[in-house]
Amino acid sequence: MRTHFTFVSDPGHGWLLVKRAELAEVGLSEDDITPYSYQNGEILGLEEDVDAETFLAAYKAKMDREAEIIDDLGSCREWERFGTMQTSSSGFC
């Protein structure tokens, strides 16, 4: 598994870009992700407040190291929604 992941944002929010297979490789599924994340084919934009942190914690537990984050100027807000986990609406965009 790679060690660098891209973070994209717009003025309102940010997302960590990971491949669908990488999500599974750290033991997570769509059921672990809130509907505030997005998908574009095999690439997922995991929202920064919960989903990216969930992925990064699972990555660290699996790989025994921190992932490196690369900032980008793009956004994934135009992508299709991803995630089925039920949440309260507070704290999310």
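Check the stretch 18-25 and report whether any residue there is assigned to a strand (DSSP E or B) and either modelled with pLDDT of 95 or more or open to solvent by less than 60 Å² (accessible area, probe 1.4 Å) (or both). Yes: one or more hits.
For the stretch 27-51, which residues satisfy the criterion of being polar (S, T, N, Q) and either open to solvent by 60 Å² or more (accessible area, probe 1.4 Å) or farther than 15 Å from S9 by Cβ (or both)? Walk me through it before giving the result.
Step one: of the stretch 27-51, the residues polar (S, T, N, Q) are 29, 34, 37, 39-40.
Matches in the stretch 27-51: S29, T34, Q39, N40.
Reported count of residues in the stretch 52-86, each being touching a helix residue (DSSP H, G or I) at 6+ places or on another chain (Cβ under 7 Å), exposed (fewer than 13 other Cβ atoms within 10 Å of the Cβ) and assigned to a strand (DSSP E or B), is 0. Comparison of E68, E53, E78 shows that the only residue that is in contact with a strand residue (DSSP E or B) (Cβ under 6 Å, 6 or more places away or on another chain) and not β-branched (V, I, T) is E68.
The values are calculated or read from the model by the stated rules, or taken from the named source; none is laboratory data. Just so it is clear, the structure is predicted and the values come from calculations on it, not from any experiment. Please note: Cβ atoms are built from the backbone with ideal geometry, for glycine as well, and neighbour counts cover all protein chains shown. Areas reflect the complete protein model, heavy atoms only, side chains present, ligands, DNA and RNA absent. Shrake-Rupley method; radii C 1.70, N 1.55, O 1.52, S 1.80 Å.
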